[in-house]
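First comes the structure, then the notes that go with it.
The values are calculated or read from the model by the stated rules, or taken from the named source; none is laboratory data. Quick caveat, the model's predicted, so the values are computed rather than measured. Cβ: placed from backbone, ideal geometry, glycine included. Neighbour counts: every protein chain shown.
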Amino acid sequence: MRLTQYYDAARNLAKRVLIQHSRQKQHHHRCFSSFSKIFSPCKTSQYRIPRTQNQNSTLWSFVHKSYYSSSPTPPPAGRRMGFLAWYLAMLNSRPIITKAISCSIIYAAADVTSQMITMTPSGSLDLIRTSRMASYGLLILGPSQHVWFNFIGRSLPRRDIVTTLKKLVAGQLLFGPAVTSVFFSFNAALQGEDAGQIAARLKRDLLPTLLNGLMFWPICDFLTYKVIPVHLQPLVNSSFAYIWTIYLTYMASLEKAVD
(Lines give C-alpha, C1' and ligand atoms only; values in the text may rest on other atoms or scores of the structure.)
Protein backbone atom coordinates (compact mmCIF):
# COMPACT_ATOMS: atom_id res chain seq x y z
CA MET A 1 0.00 0.00 0.00
CA ARG A 2 2.71 2.43 0.94
CA LEU A 3 4.62 1.63 -2.22
CA THR A 4 1.57 2.48 -4.25
CA GLN A 5 1.20 5.81 -2.43
CA TYR A 6 4.85 6.65 -2.96
CA TYR A 7 4.51 5.76 -6.62
CA ASP A 8 1.46 7.99 -7.09
CA ALA A 9 3.11 10.85 -5.23
CA ALA A 10 6.24 10.59 -7.37
CA ARG A 11 4.15 10.47 -10.54
CA ASN A 12 2.15 13.54 -9.53
CA LEU A 13 5.34 15.42 -8.66
CA ALA A 14 6.80 14.54 -12.05
CA LYS A 15 3.65 15.78 -13.79
CA ARG A 16 3.82 19.05 -11.87
CA VAL A 17 7.46 19.52 -12.79
CA LEU A 18 6.75 18.79 -16.43
CA ILE A 19 3.78 21.15 -16.49
CA GLN A 20 5.74 23.92 -14.81
CA HIS A 21 8.66 23.43 -17.15
CA SER A 22 6.32 23.53 -20.14
CA ARG A 23 4.74 26.76 -18.90
CA GLN A 24 8.14 28.36 -18.36
CA LYS A 25 9.23 27.28 -21.85
CA GLN A 26 6.11 28.81 -23.40
CA HIS A 27 6.67 32.03 -21.46
CA HIS A 28 10.29 32.28 -22.62
CA HIS A 29 9.19 31.62 -26.21
CA ARG A 30 6.63 34.44 -26.05
CA CYS A 31 9.20 36.83 -24.63
CA PHE A 32 11.75 35.91 -27.26
CA SER A 33 9.15 36.35 -29.99
CA SER A 34 8.27 39.82 -28.76
CA PHE A 35 11.94 40.76 -28.50
CA SER A 36 12.53 39.48 -32.04
CA LYS A 37 9.64 41.50 -33.43
CA ILE A 38 11.11 44.66 -31.98
CA PHE A 39 14.76 44.15 -32.98
CA SER A 40 14.43 41.79 -35.92
CA PRO A 41 16.75 42.65 -38.87
CA CYS A 42 13.94 41.90 -41.29
CA LYS A 43 11.66 44.37 -39.62
CA THR A 44 14.43 46.90 -39.41
CA SER A 45 15.22 46.63 -43.12
CA GLN A 46 11.52 46.66 -43.87
CA TYR A 47 11.17 50.07 -42.30
CA ARG A 48 14.59 51.55 -43.03
CA ILE A 49 14.88 50.75 -46.75
CA PRO A 50 11.79 52.69 -47.84
CA ARG A 51 12.88 55.61 -45.69
CA THR A 52 16.31 55.58 -47.38
CA GLN A 53 14.67 55.47 -50.79
CA ASN A 54 12.49 58.41 -49.90
CA GLN A 55 15.51 60.34 -48.71
CA ASN A 56 17.40 59.55 -51.93
CA SER A 57 14.47 60.54 -54.10
CA THR A 58 14.04 63.76 -52.14
CA LEU A 59 17.73 64.58 -52.50
CA TRP A 60 17.63 63.87 -56.25
CA SER A 61 14.48 65.97 -56.60
CA PHE A 62 16.19 68.87 -54.84
CA VAL A 63 19.30 68.65 -57.04
CA HIS A 64 17.17 68.22 -60.15
CA LYS A 65 15.06 71.30 -59.39
CA SER A 66 18.11 73.32 -58.46
CA TYR A 67 19.85 72.51 -61.73
CA TYR A 68 16.79 73.26 -63.83
CA SER A 69 15.54 76.14 -61.72
CA SER A 70 14.56 78.18 -64.77
CA SER A 71 11.92 75.68 -65.95
CA PRO A 72 9.76 73.01 -64.29
CA THR A 73 10.96 70.31 -66.70
CA PRO A 74 14.48 69.83 -68.09
CA PRO A 75 14.80 71.36 -71.55
CA PRO A 76 15.71 69.08 -74.44
CA ALA A 77 19.37 68.70 -75.32
CA GLY A 78 18.89 70.63 -78.56
CA ARG A 79 17.47 73.65 -76.73
CA ARG A 80 20.26 73.61 -74.17
CA MET A 81 22.86 73.59 -76.95
CA GLY A 82 20.99 76.21 -78.99
CA PHE A 83 22.57 77.58 -82.13
CA LEU A 84 25.66 75.37 -81.98
CA ALA A 85 23.62 72.15 -81.98
CA TRP A 86 21.48 73.45 -84.83
CA TYR A 87 24.53 74.46 -86.87
CA LEU A 88 26.27 71.11 -86.35
CA ALA A 89 23.09 69.32 -87.35
CA MET A 90 22.90 71.40 -90.52
CA LEU A 91 26.54 70.62 -91.28
CA ASN A 92 25.69 66.95 -91.01
CA SER A 93 22.49 67.02 -93.07
CA ARG A 94 23.26 69.78 -95.63
CA PRO A 95 27.02 70.36 -95.52
CA ILE A 96 27.56 72.21 -98.80
CA ILE A 97 24.74 74.74 -98.51
CA THR A 98 25.53 75.34 -94.82
CA LYS A 99 29.20 76.04 -95.54
CA ALA A 100 28.26 78.19 -98.55
CA ILE A 101 25.87 80.37 -96.53
CA SER A 102 28.38 80.66 -93.66
CA CYS A 103 31.10 81.76 -96.07
CA SER A 104 28.75 84.22 -97.75
CA ILE A 105 27.85 85.86 -94.44
CA ILE A 106 31.50 86.13 -93.41
CA TYR A 107 32.52 87.68 -96.75
CA ALA A 108 29.65 90.16 -96.61
CA ALA A 109 30.58 91.15 -93.05
CA ALA A 110 34.25 91.50 -94.04
CA ASP A 111 33.36 93.74 -96.97
CA VAL A 112 31.17 95.96 -94.81
CA THR A 113 34.02 96.24 -92.30
CA SER A 114 36.48 97.09 -95.08
CA GLN A 115 34.18 99.80 -96.42
CA MET A 116 33.66 101.30 -92.97
CA ILE A 117 37.43 101.47 -92.42
CA THR A 118 38.08 103.32 -95.70
CA MET A 119 34.83 105.28 -95.84
CA THR A 120 34.93 109.05 -95.85
CA PRO A 121 32.70 110.94 -93.41
CA SER A 122 30.25 111.77 -96.19
CA GLY A 123 30.38 108.32 -97.80
CA SER A 124 27.88 105.46 -97.68
CA LEU A 125 28.03 101.70 -97.96
CA ASP A 126 28.26 100.20 -101.42
CA LEU A 127 25.71 97.40 -101.10
CA ILE A 128 26.31 96.24 -104.68
CA ARG A 129 29.96 95.63 -103.83
CA THR A 130 28.90 93.77 -100.67
CA SER A 131 26.50 91.62 -102.69
CA ARG A 132 29.35 90.72 -105.06
CA MET A 133 31.48 89.52 -102.16
CA ALA A 134 28.58 87.63 -100.61
CA SER A 135 27.78 85.92 -103.92
CA TYR A 136 31.42 84.86 -104.30
CA GLY A 137 31.34 83.21 -100.87
CA LEU A 138 27.98 81.57 -101.56
CA LEU A 139 28.57 80.30 -105.10
CA ILE A 140 32.32 79.66 -105.27
CA LEU A 141 34.35 79.69 -102.08
CA GLY A 142 31.94 77.87 -99.75
CA PRO A 143 31.44 74.83 -102.00
CA SER A 144 35.12 74.80 -103.03
CA GLN A 145 36.18 74.77 -99.37
CA HIS A 146 33.94 71.76 -98.78
CA VAL A 147 35.53 69.88 -101.69
CA TRP A 148 39.09 70.87 -100.84
CA PHE A 149 39.09 70.12 -97.12
CA ASN A 150 37.36 66.78 -97.61
CA PHE A 151 39.81 65.87 -100.36
CA ILE A 152 42.90 66.85 -98.37
CA GLY A 153 41.49 65.14 -95.27
CA ARG A 154 41.04 61.85 -97.13
CA SER A 155 44.36 62.11 -98.95
CA LEU A 156 46.35 62.99 -95.81
CA PRO A 157 44.27 61.74 -92.87
CA ARG A 158 46.95 61.91 -90.18
CA ARG A 159 47.48 64.94 -87.89
CA ASP A 160 51.18 64.69 -87.10
CA ILE A 161 53.51 67.61 -87.78
CA VAL A 162 54.86 66.29 -91.09
CA THR A 163 51.41 65.54 -92.50
CA THR A 164 50.10 68.92 -91.34
CA LEU A 165 53.00 70.67 -93.09
CA LYS A 166 52.21 68.74 -96.27
CA LYS A 167 48.61 69.95 -96.11
CA LEU A 168 49.81 73.49 -95.49
CA VAL A 169 52.15 73.45 -98.51
CA ALA A 170 49.46 71.95 -100.73
CA GLY A 171 47.04 74.66 -99.67
CA GLN A 172 49.52 77.44 -100.34
CA LEU A 173 50.57 76.07 -103.73
CA LEU A 174 47.20 74.83 -105.05
CA PHE A 175 44.09 75.96 -103.24
CA GLY A 176 45.21 79.47 -102.28
CA PRO A 177 46.32 80.66 -105.75
CA ALA A 178 43.26 79.04 -107.38
CA VAL A 179 40.61 80.65 -105.17
CA THR A 180 42.41 84.02 -105.17
CA SER A 181 42.56 84.03 -108.99
CA VAL A 182 38.89 83.17 -109.21
CA PHE A 183 38.10 85.85 -106.62
CA PHE A 184 39.71 88.64 -108.63
CA SER A 185 38.30 87.35 -111.93
CA PHE A 186 34.76 86.90 -110.54
CA ASN A 187 34.59 90.37 -109.02
CA ALA A 188 36.16 92.02 -112.06
CA ALA A 189 33.67 90.32 -114.38
CA LEU A 190 30.73 91.47 -112.23
CA GLN A 191 32.11 95.02 -112.48
CA GLY A 192 31.97 94.81 -116.26
CA GLU A 193 35.64 94.27 -117.06
CA ASP A 194 36.52 92.33 -120.17
CA ALA A 195 39.02 89.50 -120.53
CA GLY A 196 41.98 91.79 -121.20
CA GLN A 197 41.23 93.95 -118.19
CA ILE A 198 40.80 90.90 -115.98
CA ALA A 199 44.17 89.55 -117.15
CA ALA A 200 45.81 92.90 -116.46
CA ARG A 201 44.25 92.96 -112.96
CA LEU A 202 45.54 89.48 -112.21
CA LYS A 203 48.99 90.44 -113.43
CA ARG A 204 49.00 93.48 -111.17
CA ASP A 205 47.29 92.18 -108.02
CA LEU A 206 47.60 88.39 -107.84
CA LEU A 207 51.27 87.93 -107.00
CA PRO A 208 51.46 90.73 -104.38
CA THR A 209 48.31 89.34 -102.74
CA LEU A 210 49.75 85.81 -102.58
CA LEU A 211 53.05 87.08 -101.17
CA ASN A 212 51.25 89.07 -98.51
CA GLY A 213 49.19 85.97 -97.75
CA LEU A 214 52.37 84.08 -96.85
CA MET A 215 52.62 86.28 -93.76
CA PHE A 216 49.10 85.33 -92.63
CA TRP A 217 47.81 82.01 -93.96
CA PRO A 218 50.51 79.49 -93.00
CA ILE A 219 49.83 79.94 -89.28
CA CYS A 220 46.06 79.84 -89.82
CA ASP A 221 46.29 76.74 -92.02
CA PHE A 222 48.57 74.96 -89.57
CA LEU A 223 46.08 75.45 -86.73
CA THR A 224 43.16 74.47 -88.97
CA TYR A 225 44.73 71.25 -90.26
CA LYS A 226 46.28 70.28 -86.94
CA VAL A 227 43.47 70.93 -84.49
CA ILE A 228 40.09 71.36 -86.21
CA PRO A 229 37.93 68.41 -87.37
CA VAL A 230 37.43 68.17 -91.12
CA HIS A 231 33.74 69.08 -91.11
CA LEU A 232 34.49 72.31 -89.21
CA GLN A 233 37.60 73.33 -91.15
CA PRO A 234 35.71 75.40 -93.75
CA LEU A 235 34.02 77.40 -91.00
CA VAL A 236 37.30 78.04 -89.18
CA ASN A 237 39.03 78.86 -92.47
CA SER A 238 36.27 81.34 -93.31
CA SER A 239 36.57 82.85 -89.83
CA PHE A 240 40.30 83.44 -90.41
CA ALA A 241 39.35 84.73 -93.84
CA TYR A 242 37.29 87.50 -92.22
CA ILE A 243 40.48 89.42 -91.49
CA TRP A 244 42.06 88.46 -94.79
CA THR A 245 38.94 89.34 -96.78
CA ILE A 246 39.04 92.89 -95.49
CA TYR A 247 42.33 93.19 -97.36
CA LEU A 248 41.05 91.21 -100.38
CA THR A 249 37.92 93.30 -100.80
CA TYR A 250 40.05 96.41 -100.65
CA MET A 251 42.29 95.03 -103.40
CA ALA A 252 39.28 93.96 -105.47
CA SER A 253 37.80 97.44 -105.26
CA LEU A 254 40.84 99.13 -106.73
CA GLU A 255 40.59 100.90 -110.07
CA LYS A 256 40.92 98.94 -113.27
CA ALA A 257 44.45 98.05 -114.22
CA VAL A 258 45.90 99.74 -117.27
CA ASP A 259 46.88 97.36 -120.09
Close pairs from segment 210-236: first under 11 Å from residue 153 (Cα atoms) and assigned by TED's automatic domain parsing to the domain that holds residue 153, partner surrounded by 15 or more Cβ atoms within 10 Å (Cβ to Cβ) and small (Gly, Ala, Ser), Cβ under 7 Å, at least 6 apart = 230/153
For residue 226, are the conditions met, namely being over 18 Å from residue 139 (Cα atoms), within 39 Å of the chain's Cα centre (by Cα) and surrounded by 17 or more Cβ atoms within 10 Å (Cβ to Cβ)?
-> no
Filter segment 115-133 down to the residues that are modelled with pLDDT under 90, surrounded by 10 or more Cβ atoms within 10 Å (Cβ to Cβ) and part of a loop (DSSP other than H, G, I, E, B), then identify the one that is farthest from the chain's Cα centre (by Cα).
-> 123
